[in-house]
Amino acid sequence: RRERDETGDMTVLLLWILAFLVLGAVMGINLYALICLSDLQADLINPHDCAGRINKLVMPEIIAHAAAAGLMMLCGSWSMILVNGPLIAWHVRQVGRNQHLADVTEIFNQLDKEKSVRVGKAMLYALVFLYATYRGTERGVNMFLDPAEKVKMAAFFKDAVASSVHHF
């Protein structure tokens with residue numbers, strides 16, 4: 001019975017690590033698009049290059065975000081559907097309406113809107129990334145501690161919080 005639990009725990013830990021890596025890639029793609037838009041605004045690149053760079057990464061970003069949300073569901077974190085669901089639905093709607101790609105002729109007119117959308121996505125991705133980091137770390141620590149060690153660690157942290165001595 002215990003061996004089966006350890007295998008399940010290790011699988012969930014690996015899923016959290018994979019979600020962490022995928023979310024890191026999603027954040028990188030989104031920030032790269034923001035940099036491209038800022039470069040366009042500063043007139044460092046032309047609209048054709050900017051739209052081409054962003055459009056190459058739109059579908060990988062959407063697919064990776066959906067995959068990360070799926071990984072978190074497999075880890076048992078169903079509440080993350082409430083966080084990721086609206087953005088996934090918005091992505092599906094954009095793709096369905098063929099509005100997911102940047103239009104070379106309209107990119108200057110849509111620059112402020114596109115940047116604000118990207119900043120909002122960056123904030124959501126950062127929140128989800130921090131959550132995945134916390135949950136993966138929590139899973140890893142709890143997986144390697146037996147119940148007696150957990151009680152000792154809880155007492156240690158309780159004493160540390162109550163202590164007036166700070167060693168910074």
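The values are calculated or read from the model by the stated rules, or taken from the named source; none is laboratory data. Treat the numbers as computed from the prediction; the structure is a model and nothing was measured. Don't worry about glycine lacking a Cβ; one is built from the backbone with ideal geometry, like all the others, and counts go over all protein chains shown. Areas reflect the complete protein model, heavy atoms only, side chains present, ligands, DNA and RNA absent. Shrake-Rupley method; radii C 1.70, N 1.55, O 1.52, S 1.80 Å.
In this entry, A102 passes the filter for residues that are modelled with pLDDT of 85 or more, open to solvent by less than 80 Å² (accessible area, probe 1.4 Å) and of a type outside the set (V, I, T). Residue count for the stretch 109-148 satisfying the condition of being loosely packed, with under 14 Cβ neighbours inside 10 Å and aromatic (F, W, Y): 2.
If you scan the stretch 75-98, which residues turn out to be part of a helix (DSSP H, G or I) and of a type in the set (F, W, Y)? The one that is part of a helix (DSSP H, G or I) and of a type in the set (F, W, Y): W90. Please tell me if K158 is closer than 27 Å to F20 by Cα and part of a helix (DSSP H, G or I). Spelling it out, it is not the case that K158 is closer than 27 Å to F20 by Cα and part of a helix (DSSP H, G or I). Residues considered: V83, V151. Of these, the only one that is open to solvent by 30 Å² or more (accessible area, probe 1.4 Å) and over 28 Å from G24 (Cα atoms) is V151. Of the residues in the stretch 62-72, none is in a helix (DSSP H, G or I), more than 21 Å from G28 (Cβ to Cβ) and free of Cβ contacts under 8 Å to residues at least 24 places away in the same chain.
Exactly one residue out of K150, K113 is over 23 Å from the mean Cα position of the chain (by Cα) and either in a helix (DSSP H, G or I) or under 30 Å from L34 (Cα atoms) (or both): that is K150. Residue count for the stretch 21-72, restricted to those that are of a type outside the set (S, T, N, Q), over 16 Å from the mean Cα position of the chain (by Cα) and farther than 15 Å from K121 by Cα: 15. L34 meets the stated requirement of being open to solvent by 20 Å² or more (accessible area, probe 1.4 Å), in contact (Cβ under 8 Å) with a residue 60 or more places away in the chain, part of a helix (DSSP H, G or I) and within 26 Å of E106 (Cα to Cα).
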